[in-house]
Amino acid sequence: MFKTSAVTLLLLLSLQHLLATDWPQWRGPQRNGVSLDTHSLANKFSESGPKLLWKSEEEIPSNDDGGFGSPIVVDGKVYLSVVWHLDVPTPTRTIDGLVMRSLGGNGGGIPKVVRDKTEEARKSRSTRLRGTALDEWATNWIQENLTKEEQINYDWWVAGRIKKGPSAIDLEDIEKIRAVQNKEFKDAEAFDAWLAELDVPDRVKEEVLKKTPDTKKVANDVVICLDVETGKTLWKAELEGAPTGRGSASTPCYHEGRIYAAGSERVFCVDAKSGEVIWDTPNPAKGPASSPMIYGNTILVASNGLRALDATTGEEKWMQKEVNHNNASPVVWESADKPVVFCNSKNDLKALDFQTGEILWALPGGGDSTPSVVGDQLAVYGKGEKNKPHQLMLFALKPGAEPSLLWKFENLTRRASSSPIIENVRVHLIGGELHLCADLETGELLWKESRSSNISSPVLADGKIYGFEKNASDLVVIDANADQHTELARAKVSALKCTSPAIASGMLFVRTEDRVVCYDLREQE
């Protein structure tokens, strides 16, 4: 007993001195993915990975039941905002979007030529293919039968259909079911009567019946506060919200003793010590993925337009509806002339006057990615031409003048959710199925690797880039200063896909499917 207690005491004493540097918002203290942590971090992990310090004591829902927000770390506390879903019994029956997705109905926008080729391959492929052999067969088929553009835009759907093989529900039957999507049947008897008349095979009826729940979802907007030393829940702030599913992916921000969060139907502010709700204000869009930031006394968050709110009261200062995106997060450039807000819109990058919300310029870009600003340079990963793959661009910023494009890499990837990093003399992109490094000044490509990184945004600390791969199951560590792609370490952390890591004073904070987890990254003596 004494030995266990002594070890625990030593761990707690060491942790008390760790938080010299915090991670107070999405993408860190400077909102560019760069940690200010001065700890020496390990170049390699043991066979079991970095040392696990704790897992949060309480289960925290994610994905369709809690979204994809990432943790922040401030003053000995870990904070996470969650649209916390619950299932409650109901006599009604509804085939909602979640049910349709579980039935394979998530390919409504796929072109007919792609759908037809895929269905032929799905029905004719050998049912003896399993595991890796099936993955390889699907990959080869996609490369041989789809154009490059089709691969970039639709490979996720094609691979899913092919791997399901004959067991997948035919697309014609999917559309018959989709005809009643979101219709509320008053009770199980009414639902059964409709299903009995539906012109689909019996096995499909059985699957629809099995996957249509006898519950409905309700949700609360929650900020949860954890002790950084133990992972124990210190408090939860809760307000009645609305179900928004996986769309909610907002990360909160901290400023002067307050936490600001975007929930299902509101932006709200809570006291960082007590969890007491200070104010909340309705949001135009439900469940935005945009993460709020504070500049001066103003909160910025994208929600059916870019909104500026008074941080003290929540009162709206201005709204710019031409920033028509709910996923991208804003950044501020502290120009010598006047502060400028940059935020990816649907099809371009908007630059706004911070004081008024007036649009100054519309630049190439657009999509889900958060731009990176370091000094007078801005890196953005965004859309190129309409329906084309995304591109990485670097702009020079000058007070009072439209940013000038210095260089770009075109036709990179389909997804553009991960955010770039500007580091000393290089620009890094870790996401969208690749790792890329370019010379900051010239745009010369230093290295490029096809990798299984996707939506998550990486973190730079101690000359190393920390990112997720394989749907965030793996943490990968890349040497940021090497002249070629150099993987220093890799570990299985089973993070929640679409979330991003946080690093504070030598510790790595990761959100998993049901917890927040803390690892020790410090170099071991």
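The values are calculated or read from the model by the stated rules, or taken from the named source; none is laboratory data. Quick caveat: nothing in here was measured; it's all calculated off a predicted structure. Please note: Cβ atoms are built from the backbone with ideal geometry, for glycine as well, and neighbour counts cover all protein chains shown. Areas reflect the complete protein model, heavy atoms only, side chains present, ligands, DNA and RNA absent. Shrake-Rupley method; radii C 1.70, N 1.55, O 1.52, S 1.80 Å.
Based on the Cβ-Cβ distance from THR127 to THR486, what FRET efficiency comes out when R0 is 45 Å, to the nearest 0.05? It comes out at approximately 0.60. Full extension of the chain between THR312 and THR90 yields a length gain of 75.9 nm, computed as 0.36 nm times the residue separation minus the alpha carbon distance.
Charges were assigned to the Cβ only: +1 to each Lys and Arg, -1 to each Asp and Glu. The resulting dipole of the chain about its Cα centre is roughly 900 debye. Out of the total accessible area of the chain (probe 1.4 Å, heavy atoms of protein only), what percent is carbon and sulfur? Using a 1.4 Å probe with all protein chains present, the chain comes out at 47 percent carbon and sulfur.
For segment 124-201, the solvent-accessible area with a 1.4 angstrom probe is 60 square angstrom per residue. Surface exposure of segment 433-481, expressed per residue as accessible area with a 1.4 Å probe, stands at 34 Å².
Ratio of Rg to Rh for segment 285-337: 0.97 [Cα atoms; Kirkwood radius as inverse mean 1/r over pairs].
Taking the C-alpha atoms only, the angle from helix 112-124 to the longest principal axis of the chain is near 70 degrees. Based on C-alpha pairs under 8 angstrom that are at least 6 apart in sequence, the chain has a relative contact order of 17 percent. Using only the C-alpha atoms, the convex hull of segment 210-344 corresponds to 141 Å³ per residue. Scaled against the 2.2 N^0.38 Å expected of a compact globular protein of N residues, the Cα radius of gyration of the chain reads 1.00. How large is log10 of I(q)/I(0) for segment 319-401 at q = 0.16, 0.22 Å⁻¹ when the intensity is taken from the Debye formula with one equal scatterer per alpha-carbon? Reported log10 I(q)/I(0), two decimals: -0.53, -1.00. Accessible surface for segment 310-409, divided over its residues, is 43 Å² per residue with a 1.4 Å probe. The slack between GLU144 and LYS164, meaning 0.36 nm per residue of separation minus the straight C-alpha distance, is 5.3 nm. Panel note: the C-alpha atoms of segment 354-473, placed on their principal axes, show extents of 43, 34, 27 Å (largest first).
Considering only Cα atoms, the convex hull volume of segment 303-367 works out to 81 Å³ per residue. The ARG178 and THR281 beta-carbon pair, evaluated with R₀ = 51 Å, returns a calculated FRET efficiency of approximately 0.90. Between the helical axis of 2-15 and the longest alpha-carbon principal axis of the chain there is an angle of about 70 degrees. For the pair MET319 and GLU444 in one chain, pulling the backbone fully straight at 0.36 nm per residue adds 41.1 nm over the alpha carbon distance.
Think of it as helices only: each DSSP H run of n ≥ 4 in the chain is worth -39500 (n - 2.57), and spread over all residues that comes to -5500 deg cm²/dmol at 222 nm. Nearest 10 degrees is fine. How inclined is helix 131-145 to the longest principal axis of the chain, computing both from alpha carbons? Helix 131-145 and the main axis of the chain meet at about 90 degrees. Remark: for residue pairs LYS112/LYS205; LYS232/LYS492; LYS148/LYS448; LYS55/LYS163; LYS77/LYS383, the C-alpha separation exceeds 27 Å in LYS55/LYS163; LYS77/LYS383.
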